[in-house]
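Written below as structure tokens is the structure these notes are about.
The values are calculated or read from the model by the stated rules, or taken from the named source; none is laboratory data. Remember, predicted model here, so these are calculated numbers, not experimental data. Here the Cβ is made from the backbone with ideal geometry for all residues, glycine too, and neighbour counts use every protein chain on show. Surface accessibility is based on the protein's heavy atoms, side chains included, excluding ligands, DNA and RNA. Shrake-Rupley method; radii C 1.70, N 1.55, O 1.52, S 1.80 Å.
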Amino acid sequence: MKLKTIIHVLFAACILLTVAAANSSPLPDNLKPEKYFGFQPGSDGNLFSYEQVIDYYKALDDASGNVKMLEAGQSPMGKKMYVVFISSEENIKNLDKLKAINKQLALDATLSEKERNNLIREGRVFVMATLSMHATEVGPAQASPLIAWQLVTSGEEFIADIMKNVVFMVVPTHNPDGMDMVVSNYLKNKGTKYEKSAFPGVYHKYLGHDNNRDYNVLTQDDSRMVNRLQSTEWYPQVYTDKHQMGMTGPRYFVPPYHDPLSENIDAEMWNWVGFFGANLIKDMTEDGCTGVSQRNGFDNYWPGSAKTCLWKNVITFLTECASCYVATPAYVEPSELSVGGKGLSEYKMSTNMPKPWPGGWWRLGDIVKFEISSTFSALRTAATKKADILEFRNMMCRRQVEAGKSQPPYYYILPKKQHDPGELASLVRLMQEHGVEVASLKKDYREGDFIFNEGDIVIPLAQPYRAFIKEVMEKQIYPERHYSPGGPLVKPYDITSWSFPLHRGLVSWEIDQRIPVLEENMKPVTIPFRLSAPVAKSFAYALLPSNCNESYKTAFAALNKNAKVFRTTADWNKTGQIIPAGSFMVERNGETLRLLEASDGGALYLEEKPAAGMEEIHMPRIAFLETWFSDIDAGWTRYLLDNYQVPFTTLHPGDVKTSDLAGKFDVLLISENAKSVLMEGKSRREEGYVVSDFPPEYTKGLGAEGLNKILSFINQGGKVVTWGESTTLFAGSLAIKNERNESEEFNLPFSNAAESLGKAGLYAPGNLVRMELLTGHPLTYGMPAEANIFYRGRGVFNTSPPVFDTDRRVIGRFPEKEILRSGYMENEQLISGKAAMVLVKKGEGQLVLLAFSPAFRASTQGAFKILFNSILMK
């Protein structure tokens, strides 16, 4: 039976059906999805929750020898996460053996031809799928029980071939927390005027839509789980990440991708991705799925999404389906259909969209239909090409190892002595988690220009994940591609810099000469890797140097445990070692001992008490302002604060006017957001405001009263720390009204020139730039004289001589030249010498203004201390 026939059986009267009545399945009738859930998955207005779909798979596992569900990890909010294997009974019984075969093919470059052929004959293609990572994109997760039921009950020949040659390895939802949030919100609003409204807030504990930006730094539990499945446990040969997109463009995206592509990926890997994509568009069109597109919209240049396993030799591809209003149908007028110009300049029949969708009703059932069609196409391709795919996986392993021996670079060497040694240890552990082999030098090595020391870290590139190593360790240079010779640049889909060493402020040497003697001098590092010596048995205080991020984490945690913590105010020569200003002395007790044992920041252990001139510090009372408008930078900042054990209270803009800011808080943090969203609860465009479709409780801005409350808070001695576009809240004419309604008008002595410079040609799509710092200032404790910051062109400060009770001090500025450190930027000269970090004073209080996010995707570790110092500065 063709896929088209199956799809038509599964769908009748525009609603999914599951299996033809003639199916002779031995499984209980009550496991048919429409009976189990009490509604037809994909039908209008109906959704099942995460717990319901997991219970379904548990029941299917109990009833069928074709299904095995294993616990694989947990979500950031503590929900258990699972991976489900669907295949023939024989394959399910032999999962452990097949898992071992996967590992050998993925990692063993020394297999003989006979050994390899035996493994290919005995192995199966593991096709891994993660569903509905972005929780409002419900279709893939809602389709999965129908796909599973069809696989385990159909007797069709091509499905039998899939079950014989393929193990379908599905994560039922990549984002359990978000799935339950979205389903609950939708069902709450169903039948009301807000049924079609967007989800308020972020559909994840922290990241919302940016959970698909975490696969390089691996900060979240769900990301780490999926990475383990891909990189160090199951080694699937094929991976698909299933998403949804807007409702007024093409109905579906399949690869090949649009330019630019990563130049570290082997050409044959791109060809395999394209091969799956060619079959997807062919099969889906045959199944009656119109509007399927390719080579448009989405590039595959940056690592960080769940598809990062592409750099680890997995045939990896994205699919994107047009959305409706979660589970409510949308009617799209033909005149509303449009495309964005990146691969599709007109919504017309073209090589990248051979059969456009004509418009009309678009339902969750249509999305589910497309997901079923695309999934079976990928599985059939994998089954048909089983031997070739398994051979390709080991060929890529061999090729990458050989390239590491014959092509530069050959190694990345990171000196053990770093400005922040804790970040070196963190990088090593992260590479280990990615499945990368890391070594250290057994003894000093000196020859010619090379001077390396015992304990220096070496990452050799002669290993299977060479492409990944090179991608994340090198400086990024954007591959400029144009729509026509001399024409407009093809702009990146996302950011353009992610270099692990540069973002961490680490020294890393790229070695372009192979040194066999050096290779003989290497030994594997321990897993997990640690730099610090064990905690001393006897001491009164631990001295934690301010140049280490780990010191701040330990100090914050100690403050939370009511331990005494002091801070140095000047450099301190201690037993010949210069301890930088801003370092912490933490008293010993049972709690701090446990904290120190977990730290990797190079503490010194002292019997003496804090010296004169050291200041005892206390944990400030922190308010954190977060909007309901998918406030992703706020989510990342919350994660960073939680990870470093900094307590805070979240306020929403509408709460501020009635809050006792001055009485309850010392510090107010305001992360990156548009001024119009903060002030008015509306997004602003050139043509005017865009009214939110949220219920009214989510659309309240600060308003004049809320802003007045913040300005009064500053005037009375409070501190505000803010960055990027949010700094414009405090630019221009301001006024504070007192209880008698008397107004004090003033201007703070700064302005944010980012908007005007953007119009003049400044373009910074997410890159790393240099910033020169005023050293010795409390805001720069622990920082080098020059730091790398992640920059998106949303802050460029001009300062002016102050009047009244205001003042300003430039703490950090862009250098005069060679500003770009990694990534892509246009017209950098426009920010030459301008301020990037300003301390402003008003009345008794202070504002710390940053041109950059110090918490961007938790990936700019070299700038974390700026945020922490801003919080602690008195």
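Taken over the stretch 440-477, the criterion of being in a loop (DSSP other than H, G, I, E, B), more than 23 Å from Ala403 (Cβ to Cβ) and touching a residue at least 40 places away in the same chain (Cβ under 8 Å) is satisfied by Lys442, Lys443, Asp456. For Arg794, state whether it is of a type in the set (Lys, Arg), assigned to a strand (DSSP E or B), surrounded by 21 or more Cβ atoms within 10 Å (Cβ to Cβ) and touching a helix residue (DSSP H, G or I) at 6+ places or on another chain (Cβ under 8 Å). So Arg794 fails the test.
Each row is one residue, and each column tells you yes or no for (1) part of a helix (DSSP H, G or I); (2) touching an Asp or Glu at 6+ places or on another chain (Cβ under 9 Å); (3) not β-branched (Val, Ile, Thr).
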{"residue": "Trp270", "(1), (2), (3)": "yes, no, yes"}
{"residue": "Lys282", "(1), (2), (3)": "yes, no, yes"}
{"residue": "Thr316", "(1), (2), (3)": "no, yes, no"}
{"residue": "Trp357", "(1), (2), (3)": "no, no, yes"}
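When Ser144 is tested against (1) surrounded by fewer than 17 Cβ atoms within 10 Å (Cβ to Cβ); (2) hydroxyl-bearing (Ser, Thr, Tyr); (3) assigned to a helix (DSSP H, G or I), only condition (1) is not met. Starting from residues that are among the polar types (S, T, N, Q) and part of a loop (DSSP other than H, G, I, E, B), keep the ones in the stretch 161-200 and report whichever is nearest to Ile632 (Cα to Cα). Only one residue fits best here, namely Asn175. Where helices (runs of 4 or more DSSP H) fall wholly inside the stretch 55-127, the ranges with 1 or more residues that are in contact with a strand residue (DSSP E or B) (Cβ under 7 Å, 6 or more places away or on another chain), at negative phi and open to solvent by less than 50 Å² (accessible area, probe 1.4 Å) are 89-93, 95-107. Exactly one residue among Val202, Val254, Val238, Val217 is more than 25 Å from Ile367 (Cβ to Cβ) and of a type in the set (Val, Ile, Thr), and that residue is Val217. When you look at Gly486, is it without any contact (Cβ under 8 Å) to a residue 12 or more places away in the chain and small (Gly, Ala, Ser), yes or no? In short, yes. Filtered by the rule that a residue be among the aliphatic types (A, V, I, L, M) and closer than 25 Å to Asp642 by Cα, the stretch 531-572 gives Leu531, Val535, Ala542, Leu543, Leu544, Ala555, Ala557, Ala558, Leu559, Ala563, Val565. For the stretch 555-591, the tally of residues that are over 23 Å from Met873 (Cβ atoms) and either in a helix (DSSP H, G or I) or open to solvent by less than 40 Å² (accessible area, probe 1.4 Å) (or both) stands at 3.
For (1) out of contact with any strand residue (DSSP E or B) (no Cβ under 8 Å at 6 or more places or on another chain); (2) of a type in the set (Val, Ile, Thr), each residue gets a yes or a no:
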{"residue": "Leu762", "(1), (2)": "no, no"}
{"residue": "Thr775", "(1), (2)": "yes, yes"}
{"residue": "Pro778", "(1), (2)": "yes, no"}
{"residue": "Ser800", "(1), (2)": "no, no"}
{"residue": "Asp805", "(1), (2)": "no, no"}
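Checking the structure you have, find out if any residue of the stretch 215-232 is over 18 Å from the mean Cα position of the chain (by Cα) and in contact (Cβ under 8 Å) with a residue 60 or more places away in the chain. Scanning the stretch 215-232, I find at least one residue that is over 18 Å from the mean Cα position of the chain (by Cα) and in contact (Cβ under 8 Å) with a residue 60 or more places away in the chain, so the answer is yes.
Annotation note: of Lys369, Lys417, the sole residue that is touching a residue at least 40 places away in the same chain (Cβ under 8 Å) and not aromatic (Phe, Trp, Tyr) is Lys369. Can you find even one residue in the stretch 324-343 that is in contact with a helix residue (DSSP H, G or I) (Cβ under 9 Å, 6 or more places away or on another chain), crowded, with 21+ Cβ neighbours inside 10 Å, in a loop (DSSP other than H, G, I, E, B) and of a type outside the set (Gly, Ala, Ser)? Yes; the residues of the stretch 324-343 include at least one that is in contact with a helix residue (DSSP H, G or I) (Cβ under 9 Å, 6 or more places away or on another chain), crowded, with 21+ Cβ neighbours inside 10 Å, in a loop (DSSP other than H, G, I, E, B) and of a type outside the set (Gly, Ala, Ser).
Selection within the stretch 648-659: residues that are part of a loop (DSSP other than H, G, I, E, B) and in contact with a strand residue (DSSP E or B) (Cβ under 7 Å, 6 or more places away or on another chain). The member of this set that is least open to solvent (accessible area, probe 1.4 Å) is Ser659.
The single condition among (1) buried (at least 19 other Cβ atoms within 10 Å of the Cβ); (2) among the aliphatic types (A, V, I, L, M); (3) more than 20 Å from Thr130 (Cβ to Cβ) that Met247 does not satisfy is (1).
Take the conditions (1) over 22 Å from Ile714 (Cα atoms); (2) open to solvent by 30 Å² or more (accessible area, probe 1.4 Å); (3) in contact with a Ser or Thr (Cβ under 9 Å, 6 or more places away or on another chain); Ala858 misses just one of them, which is (2).
Scanning the stretch 519-554 for residues that are at pLDDT 95 or above and in a loop (DSSP other than H, G, I, E, B), we see that the one that is nearest to Phe450 (Cα to Cα) is Asn521.
With respect to the conditions (1) within 27 Å of Ala674 (Cβ to Cβ); (2) open to solvent by less than 10 Å² (accessible area, probe 1.4 Å), Glu826 lacks only one, and its number is (2). Answer with yes or no whether Arg399 is part of a helix (DSSP H, G or I), open to solvent by 20 Å² or more (accessible area, probe 1.4 Å), under 30 Å from Val166 (Cα atoms) and among the basic types (Lys, Arg). When the stated conditions are applied, Arg399 passes them. If you go through the stretch 491-541 and keep only what is closer than 16 Å to Val438 by Cβ, of a type in the set (D, E, K, R) and open to solvent by less than 80 Å² (accessible area, probe 1.4 Å), you end up with Arg504, Glu519. For the stretch 35-45, filtered to residues that are in contact (Cβ under 8 Å) with a residue 12 or more places away in the chain and open to solvent by 50 Å² or more (accessible area, probe 1.4 Å), the residue that is nearest to Pro145 (Cα to Cα) is Tyr36. Only one entry in Glu263, Glu286, Glu268 is of a type in the set (D, E, K, R), more than 22 Å from the chain's Cα centre (by Cα), surrounded by fewer than 23 Cβ atoms within 10 Å (Cβ to Cβ) and farther than 27 Å from Gly365 by Cα, namely Glu268.
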